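The values are calculated or read from the model by the stated rules, or taken from the named source; none is laboratory data. On a predicted model such as this, the values are computed, not experimentally measured, just so you know. For neighbour counting, all protein chains shown are included, and Cβ atoms are generated from backbone atoms with ideal geometry for every residue, glycine included.
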Amino acid sequence: MKLFHRTIRDLHQMLRDREISSVELTQSVLDQIQAVGDRTKAYLLVTKELALRQAHAADERLRSKRDVRPMTGIPIALKDVLCVKEVASTAGSKILKGFTPPYSATVVERLEAEGAVFLGKTNCDEFAMGSSNENSGYWPVHNPWGLDRVPGGSSGGSAAAVASGEAIAALGSDTGGSIRQPAALTGIVGLKPTYGRVSRYGLIAFASSLDQIGPMTRDVVDSALLLQAIAGHDPRDSTSSPKPVPDYLATLGDGVKGMRLGVPKEYFVAGMEPAVEQSIRDAIRLLEQQGASIEEVSLPHSDVALPAYYIIAPAEASSNLARYDGVRYGYQAEGARNLIEEYMLTRQQGFGAEVKRRIMLGTYALSSGYYDAYYLQAQKVRTLIIDDFKRAFTKVDALLGATSPTVAFPLGAKTQDPVAMYLNDIITIPANLGNVCAISVPCGLADGLPVGLQVIAPGFREDLALRIAFAFEAATEFHKAQSPLMGAAA
Amino acid sequence: MSAIATKYEVVVGLEVHAQVLTQSKMFCGCSTDYLTAPPNANTCPVCLGLPGSLPVINRRAVEATIRTALALNCEIPEFSKFDRKNYFYPDLPKGYQISQYDLPFSRRGHLDFDVRGAPCRCGITRVHLEEDTGKLLHEGAIHEAQSSLVNFNRSGVPLMEIVSEPDLRSADEAREYVMRLRAILQYIGVNNGDMESGQLRCDANVSLRPAGSSELGTKVEVKNMNSFRAIHRAIEYEVVRQTEVLDSGGRLTQETRGWNDARGLTVSQRTKEFAEDYRYFPEPDLPPLDVSRHWVEEIRAGLPELPAARRERFVAAYGLTPYDASLLTSTRPMAEFFEETVRLGGPAKASANWILGDFSRLLNADHKEIQESSIKPTHLQQLLHLVETGGLSGKMAKQTFDAMYHAPDPAPALAEAKGSSQISGDAELAGLVDQVIAENAKSVADFKAGKEQALKFLIGQAMKLSRGRANPQRLDALLREKIV
């Protein structure tokens, strides 16, 4: 077993015991990037020098035993939507090509303060809009479990990096499933925290009322460790919650005995692959065997979550992306004869097709005369979905279901049909609209490809979601399955 | 104008933008100093709209808005929120302005003022808060400029928008409204009232309708009026222009027109046929605000005496005419200058006359505000004292005031006036000296006996008789002469 195969928890212990150095560890991961990076295409930018500099600093810290934190010396990857001071941050878009922010995101600062090592910026769908990573403005990412398959999206680069040993852990962002769905499709753990749990300051916005940053890791313990490092109130983000952050590790091993877990019948959607459904049913049975009581529940408005999401998210995006006009930073088209032309050419050439599609959808939904019928109506639906969850959580402690109705599909399979692509997120979107948290944890393979179990817990009960996921993980070996790319190096 | 006024009724509503006097910007910690700072010095990721940056509300700006709204008798709803107003322009770095759409901090107020003694009331639709934009600098004329530069120092400066109902019926009323509004904003310390530098800006919606009609005519929005005079002239011009269009059987188009002060006319800027759709929606980066009643009452309790109340008090306490009281209270510094002069002992009526007369005339000629003058209440009070005690003629007083006004320090001119009002002539002083000698035989005897102290007493008596105007050096000499 090489160093890059290990988890944060193991590596932390080894670093602490001075068994290994952060530089050795970082070099091990950089070597793996070197070895498989051109096959996964997980990274847009590898910050080798920065990583080694940070690794040296972490080793100093470890040597002096001064303020050693769980993330000290751990090499992690950052989704390209996160701003890192003086490191190119493009959100996977050509329109931000060459943009180096003069500041770092709050989560980046927090990880820096912990002494983490930044490997680079991971590929993603442009402005986090997509479910397959094929909307990257640069190149698609390949799934380490099958290089002809998509890794999911939009945090596909982060997922592929963690699943291929090109990072010990990564940060992603989740607006409608963009952490959980790629986690499921690459056999790793992905947690979408409750809106407001993690500061969005420095996260290049897609849909401001839905975006959340979260951990993508090899197992549930690592998920808890990474969440612990980034969660908490930030005065620079007015939508971040002042609620105290609990000690996630403290309750992780408390098990599910006596817990009531609900299975929303609406989450077994039409088109779900039988092998996926089988894995989920098996996983639910396993949790029952662990002492949880299982009951079927209903979230009656689940079917309108997707359409509501495709109003709200594009509406916010159409406004959030207005700033990319070529005037101050990023891409600027040449040859414009006047201001309007400058705007039009820059945006025509700088944005990809899916981004343009959503800007148009959102602009339309907010237009005078259509606002009430679309945006306002979608907000009402959002309230119904919030109420669905509230009602369910009076009966059960948490909800179980699939993360994705399918396993990783072949590259190009859905690029011609946007709606088929949107349907990937049908069971992840409600958690974003409903202000709850959710985690995807590996629950087996179907035809050799990973399946993810989704655990949804009430708002700010990440402790509960992690605890259930950990109980499942502890009773199974699924999370130990390694992608061929990672395993080959073992 | 009167012929027009009988045929058509003039309808004017005003939108006043006032920059809020805060140290830091609306949504970030940058300084609001955009007039003197080097270009783009006071900027950060938030006010430059860099990707990933987020706004944080400046509580003081909200407080100033509520303060203004309370001074304008508005209702303050318990629930308020910010919205995004979306449009593209290079001075707008996010591609949207954070403003307030359907739930502003306040609504339904009014402002009372008067036009030549006649009371008027104008409804206030709302007072809301938004952020200012950056400023474009074109190289040459805008249509030929080869390049434009953007200075974002002003980007994110808090800006209040005060929207009036279409209750104003003439250019006179509109001007008075803005003057009174400006006075209130200065009184409560939320805005410095500077129209020239754009810290107070005014747009007017002007329309005509047949006299007696209750429907509103086609409105024209007039922009770019940088003074009270410009507001008055622009509205007068629009009334004449619109009357001519209507009288010749034409139709008015809903449009925006810019006031050209040099040419004295308005020029069409854009028509509203292709109305801009701002796609307002709630700002998702800022949670809605609960405006607690406790906070509102705290702000209300902190309001100073407002012009209307002060005006009434000036009439009641100092016996001023309502007109004079109204003028004196039109700016807070002027009202305070007056009260301080009176407090120091200046007679109220005379103090008011001087402030509103000679002083205002000189200030107006220099485009200066009273607080910028070197003349302070103590100087005016001393001058008035010289006049009152009879030593200084009216003509002399005017000359003295003029000299005081134009000197960097008024003290020498005042001292000179004091000197010139002294009784120094021996002939005039002789009578005084004789009287003092006659009435103070004992002191005269004491002095003869060699007590220097007694002479000082005698000089004092003579000063008293002259009400301070006798020249003490001459008294000393004359007394010695006569007694010995």
Output the residue which, of all residues in segment A:364-375 that are over 25 Å from A:Leu96 (Cβ atoms) and part of a helix (DSSP H, G or I), is nearest to the other protein chains (Cβ to nearest Cβ). A:Tyr375
Residue that is surrounded by the fewest Cβ atoms within 10 Å (Cβ to Cβ), among those in segment B:59-82 that are part of a loop (DSSP other than H, G, I, E, B) and in contact with a Gly (Cβ under 9 Å, 6 or more places away or on another chain): B:Asn73
Among residues belonging to segment B:222-264 that are among the small types (Gly, Ala, Ser) and on the phi > 0 side of the Ramachandran plot, point out the one that is nearest to the chain's Cα centre (by Cα). B:Gly264
Within segment B:328-342, how many residues turn out to be within 22 Å of B:Leu383 (Cα to Cα) and in contact (Cβ under 8 Å) with a residue 12 or more places away in the chain? 9
Residue that is nearest to A:Ala160 (Cα to Cα) [pool: residues in segment A:18-29 that are surrounded by fewer than 24 Cβ atoms within 10 Å (Cβ to Cβ) and in contact (Cβ under 8 Å) with a residue 24 or more places away in the chain]: A:Ser28
One residue is enough: does segment A:379-396 have a residue meeting the conditions within 11 Å of chain B (Cβ to nearest Cβ) and at pLDDT 95 or above? yes
Only one of B:Ala309, B:Ala301, B:Ala317 is over 22 Å from B:Leu70 (Cα atoms) and surrounded by fewer than 18 Cβ atoms within 10 Å (Cβ to Cβ); which? B:Ala317
Against the condition within 30 Å of B:Gly357 (Cβ to Cβ) and aromatic (Phe, Trp, Tyr), how does B:Tyr278 come out, does it pass? no
Residue count, segment B:339-367 (criterion: farther than 23 Å from B:Arg175 by Cβ and part of a helix (DSSP H, G or I)): 12
Filter pass, A:Ser155 being under 12 Å from the mean Cα position of the chain (by Cα), within 14 Å of chain B (Cβ to nearest Cβ) and of a type in the set (Gly, Ala, Ser): no
Looking at segment B:83-116, which of its residues are out of contact with any Ser or Thr (no Cβ under 7 Å at 6 or more places or on another chain), among the acidic types (Asp, Glu) and in a strand (DSSP E or B)? B:Asp112
Counting residues that are within 25 Å of B:Thr133 (Cα to Cα) and in contact with a Cys (Cβ under 9 Å, 6 or more places away or on another chain), which strands (runs of 3 or more DSSP E) fully inside segment B:201-311 reach at least 1? B:220-225
Would it be correct to say that B:Glu165 is in the same structural domain as B:Glu63 (by TED's automatic domain parsing), farther than 27 Å from B:Tyr101 by Cα and out of contact with any Leu (no Cβ under 7 Å at 6 or more places or on another chain)? no
Within segment A:425-436, is even one residue within 14 Å of another protein chain (Cβ to nearest Cβ), surrounded by 18 or more Cβ atoms within 10 Å (Cβ to Cβ) and farther than 30 Å from A:Val221 by Cβ? no
Scan segment A:325-363 for residues that are assigned to a helix (DSSP H, G or I), in contact with a Gly (Cβ under 8 Å, 6 or more places away or on another chain) and over 17 Å from B:Tyr87 (Cβ atoms) and report the count. 3
Some residue of segment A:299-312 being of a type in the set (Asp, Glu) and modelled with pLDDT of 95 or more: no
Are there any pairs with C-beta distances below 8 angstrom linking a residue in segment B:283-308 that is within 14 Å of chain A (Cβ to nearest Cβ) to a residue that is surrounded by 15 or more Cβ atoms within 10 Å (Cβ to Cβ) and in a helix (DSSP H, G or I), with the two at least 6 apart or on different chains, and if so which? B:Pro284/A:Glu316; B:Leu289/B:Val62
